[in-house]
Amino acid sequence: MSTVASSTRLEELGRSVLLHRDPTRVVVSVCNGPSCAASGAGQVIAAFRRELKRAGLADAVDVKGTCCHGFCARGPLVVVHPERTFYRQVTEKDVPEIVDTTLAGKGVVDRLLYIDPATGEKIVHEYDVPFYKRQLRILSGNNELIDPVKIEDYIALGGYSATAAVLDGMTPQQVIDELKRAGLRGRGGAGFPTWRKWQACHDEPGPQKYVICNADEGDPGAFMDRTLLEGNPHSIIEGMLIGGYAVGAREGYLYVRNEYPLALQHAAIAVRQAEELGLLGEHVLGSDYSFRLHLIRGGGAFVCGESTALVASIEGRPGEPRAKHVHLAENGLWDRPTVLNNVKTWANVPIIMGRGAGWYSQIGTETSKGTMIFSLVGKIVNTGLVEVPMGITLREMVYDIGGGIPNGRRFKAVQTGGPSGGVIPEEYLDVPVDYEQLSRLGSMMGSGGMIVMDEDTCMVDIAKYFLSFCKFESCGKCTACREGIKRMLQMLTDISEGRGREGDLERLETLANVVADASLCGLGQSAPNPVLTTLRYFRSEYEAHIREKRCPAGACRALISYEIVADKCNGCGVCRRECPEGAIGGERRVAHVIDADKCIKCGACYQACRFDAVRIGGRDHVHASCS
């Protein structure tokens with residue numbers, strides 16, 4: 001494709017791409033994101049191309065390797081357009097049947113359809129699958145339509161048309177005003193109004209300004225930003241292009257953590273393609289505006305998600321935060337005015353400019369507009385990437401989209417906001433998900449991590465896990481964070497191992513509040529949240545660890561024991577064979593016995609028993625080990 005030197009030429013290019021694409025043409029979209037790729041999606045794509053050639057359909061059907069469609073629990077996923085026939089867990093061996101049936105116009109392959117567990121109904125179309133039905137995928141929906149290494153796919157869907165409209169007919173201030181009317185808030189953490197950052201940078205004098213995309217996603221269980229960057233990198237590039245114009249920046253930096261090789265690869269290709277077409281570089285679309293974008297590999301430090309630490313990393317210095325009073329809009333990259341936003345924030349910008357603030361502001365709640373992408377993981381049936389309107393309830397997220405808790409277990413809590421967030425119990429399942437509501441509960445939106453927990457999850461252990469993460473990721477610059485987190489972790493470890501004492505909980509709360517108040521950056525300020533919320537909602541569980549020396553969830557190894565219930569054991573010997581220490585004895589068809597002195601409490605016997613004969617001592621609840 002030749003250089004696009006004007007908005008008119010961009011429109012012509014878009015029409016040309018569409019002219020060569022029959023809207024009724026069959027397209028097989030295969031999710032080849034990391035999760036599906038690990039399950040053999042690459043072989044599925046190759047098999048489709050091979051089988052279509054065999055069946056004489058290679059010229060009639062397109063095969064598109066795309067990135068994450070969201071429903072990771074059921075991958076590899078295949079969607080046949082334009083009908084959007086949905087197949088799950090497709091293997092290379094299934095492809096000939098799909099080609100000879102669906103692609104030959106002879107119907108669907110029943111055994112590959114999704115079965116609604118609530119009704120037993122087989123669902124043919126993607127939009128009828130409960131996981132997708134309650135979503136509004138304005139950011140992530142294009143992932144299954146775009147080959148991320150082909151810029152023409154993005155242009156065919158109207159890509160860069162928002163940039164053309166902005167450069168042709170809007171002043172920088174008008175762009176910021178439109179963003180203000182839309183009500184977009186930052187998707188990376190605290191939800192600061194995006195337009196205020198932009199306005200502050202716009203108002204700063206000086207010829208050199210910068211825009212930065214924070215793609216240094218590091219929360220445990222989070223993969224929202226990675227998925228957008230892998231599947232639709234041009235949406236982020238276009239957002240940064242518009243943002244640069246609005247604030248007066250002619251240079252941008254896309255900061256991606258090095259552990260995301262596919263995201264880095266696709267982003268690099270996208271930047272190169274945009275440069276070749278004249279959508280980046282000198283005189284974008286023939287205008288007076290020029291913008292260059294640099295791709296930076298992050299070293300993988302969680303603290304570099306903090307804005308000033310990220311800036312330090314780009315400058316080649318250690319990723320350590322600066323004092324709280326430093327504002328990037330005034331003293332950012334190389335001490336110049338800078339705007340730094342999250343991947344999802346930038347991806348929203350071309351949508352708002354293309355569809356209008358009026359349309360966008362109708363989505364969500366009064367104070368939290370638009371959609372939010374969550375990574376829904378943990379003890380839940382349907383793990384994956386979920387994009388929903390702000391204001392949806394946690395119950396809808398967990399049960400209607402997530403499919404509930406597997407194996408008949410009971411829901412206990414959900415943790416939002418990653419290591420910086422808090423744990424929310426069952427009584428607040430009907431609370432709408434927005435910035436203010438989550439903050440009132442002691443949690444936060446964060447960048448969109450959502451971890452579901454069942455009755456077997458110990459809240460002391462959860463708090464210990466997230467503190468351990470924060471201790472490892474702390475840069476160590478300030479005493480409150482460096483020493484305070486370490487001491488809180490020591491106290492939690494003592495409690496989980498039976499060394500807790502009366503007064504520990506009060507000391508733990510006091511220290512948590514000191515760390516939150518005295519830490520230099522967001523990592524230390526929010527690290528106590530999992531501790532404070534678990535103490536707030538599950539204090540009795542802490543007290544059982546301290547006063548009764550037991551773990552009600554049966555998770556803390558030092559406070560539990562395993563025993564065999566004689567009248568339930570049929571002497572099958574499975575537990576004996578699975579025990580790595582030879583701690584179980586007994587004759588065949590005779591009730592077995594566990595030697596407590598040899599038992600290392602690994603739980604292998606509990607997991608192996610199909611007759612509910614192995615019991616965990618000290619636990620509050622009892623359920624079948626095989627369920």
**OP:** Could you work out how far helix 233-247 tilts from the main Cα principal axis of the chain, as a 0 to 90 degree angle to the nearest 10?
**Re:** 60
**OP:** Just grab the label-to-label distance for Val149 and Ser16, each label 7 Å out from Cα along the Cβ direction, in nm (one decimal).
**Re:** 2.3
Original post:
Can you run phi through the Karplus equation (6.51, -1.76, 1.60; θ = phi - 60°) for the range 547-552 and list ³J(HN,Hα) in whole Hz, with x for Gly and Pro?
Top reply: 8, 9, 6, 9, 10, x
Original post:
By how many degrees, between 0 and 90 and to the nearest 10, does the Cα long axis of helix 261-277 differ from the longest principal axis of the chain?
Top reply: 10
**OP:** Name all residues of the range 541-581 having a backbone nitrogen under 14 Å from the label point set 7 Å from the Cα of Phe611 along its Cα→Cβ direction, giving them as ranges.
**Re:** 564-577
Original post:
In terms of the Cα gyration tensor, with a ≥ b ≥ c the square roots of its eigenvalues, is the chain rounded because a/c is under 1.5, prolate because a/b exceeds b/c, or oblate?
Top reply: oblate
Original post:
Between the DSSP loop rule and a limit of at most 14 other Cβ atoms within 10 Å, which trypsin sites (Lys or Arg not before Pro) in the range 295-328 are left?
Top reply: Lys324
Original post:
How would you classify the range 107-228 from its alpha-carbon gyration tensor, with a ≥ b ≥ c the square roots of the eigenvalues: rounded for a/c under 1.5, else prolate if a/b is greater than b/c, otherwise oblate?
Top reply: prolate
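Can you sort Trp346, Trp334, Trp195 so the residue with the fewest Cβ neighbours within 10 Å comes first?
Placing the least packed residue first, the sequence is Trp334, Trp195, Trp346.
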**OP:** Using a Förster distance of 22 angstrom, determine the FRET efficiency expected from the C-beta separation of Thr24 and Leu57, and round it to 0.05.
**Re:** 0.90
Original post:
Under 5 Å between amide H atoms, partner at least 5 residues away or on a different chain: which partners does His294 have, H built in plane at 1.01 Å?
Top reply: Gly252, Tyr253, Leu254
Original post:
Got a sec? Which residues in the range 44-79 would a label at Gln89 touch, if it sits 7 Å along Cα→Cβ and we count backbone N under 14 Å?
Top reply: 72-78
**OP:** Evaluate E = 1/(1 + (r/R0)^6) for Arg507 and Phe472, where r is the Cβ-Cβ distance and R0 equals 25 Å; express this FRET efficiency to the nearest 0.05.
**Re:** 0.65
Original post:
What GluC sites (Glu not before Pro) in the range 266-316 are in a loop by DSSP, with at most 16 other Cβ atoms within 10 Å of the Cβ?
Top reply: Glu282, Glu315
Original post:
For Asp430, Asp116, what's the fewest-to-most ordering of other Cβ within 10 Å of each Cβ?
Top reply: Asp430, Asp116
**OP:** Considering the options Pro321, Phe302, Thr338, tell which one lies farthest towards the positive end of the dipole of the range 275-388, charges being +1 on Lys and Arg and -1 on Asp and Glu at the Cβ, about the Cα centre.
**Re:** Phe302
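From the helices alone, meaning DSSP H stretches of at least four residues, give me the mean residue ellipticity at 222 nm for the chain, per-run term -39500 (n - 2.57), in deg cm²/dmol to the nearest 500.
Result for the chain: -11000 deg cm²/dmol, rounded to the nearest 500.
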**OP:** Over the range 505-627, calculate the relative contact order: mean separation of alpha carbon pairs under 8 Å at least 6 apart, over the residue count, as a percent.
**Re:** 23
Original post:
Which listed residue (Ser287, Leu277, Tyr255) has the Cα farthest towards the positive end of the charge dipole for the range 253-303, taking +1 on Lys and Arg C-beta and -1 on Asp and Glu C-beta about the Cα centre?
Top reply: Tyr255
Original post:
What shape does the range 269-364 have by the C-alpha gyration tensor, where a ≥ b ≥ c are the square roots of the eigenvalues, rounded means a/c under 1.5, and otherwise prolate means a/b greater than b/c and oblate the rest?
Top reply: oblate
Original post:
Taking the Cα centre of the chain as origin and charging only Cβ (+1 Lys, Arg; -1 Asp, Glu), how large is the dipole, in debye to the nearest 20?
Top reply: 900
Subject >> Neighbour cut-off at most 10 other Cβ (10 Å), DSSP loop, GluC sites (Glu not before Pro), the range 486-545 >> reply: Glu502
Original post:
For the chain, with the dipole built from +1 on Lys and Arg beta-carbon atoms and -1 on Asp and Glu ones, taken about the Cα centre, which of Trp195, Leu139, Asn407 lies farthest toward the positive end?
Top reply: Asn407
**OP:** In nm, give the distance between the simple-model label positions of Glu396 and Ile269, each being 7 Å from the Cα along the Cα-to-Cβ direction.
**Re:** 3.6
Subject >> Label-point separation in nm, Ser540 to Arg196, each point 7 Å along Cα→Cβ >> reply: 4.0
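Grab the Cα-Cα distance for Ser361 and Lys598, subtract it from 0.36 nm times how many residues apart they are, and report the gain in nm with one decimal. Display every interim value, and only then the final one.
On the way: separation 237, 0.36 × 237 = 85.32 nm, distance 6.28 nm.
Separation in residues times 0.36 nm, less the Cα-Cα distance, equals 79.0 nm.
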Original post:
Roughly speaking, what is the stretch gain from Arg50 to Glu121, that is 0.36 nm per residue apart minus the C-alpha to C-alpha distance, in nm to one decimal?
Top reply: 22.3 nm
**OP:** Please report, in debye to the nearest 20, how large the charge dipole of the range 510-580 is about its Cα centre when each Lys and Arg carries +1 at its beta carbon and each Asp and Glu carries -1 there.
**Re:** 160
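Where a number appears in this text, it was derived from the coordinates with a stated rule and is not lab data. Keep in mind the model is a prediction, meaning the values are calculated, not measured. Heads up, the Cβs are rebuilt from the backbone with ideal geometry, glycines too, and the neighbour counts pull from every protein chain shown.
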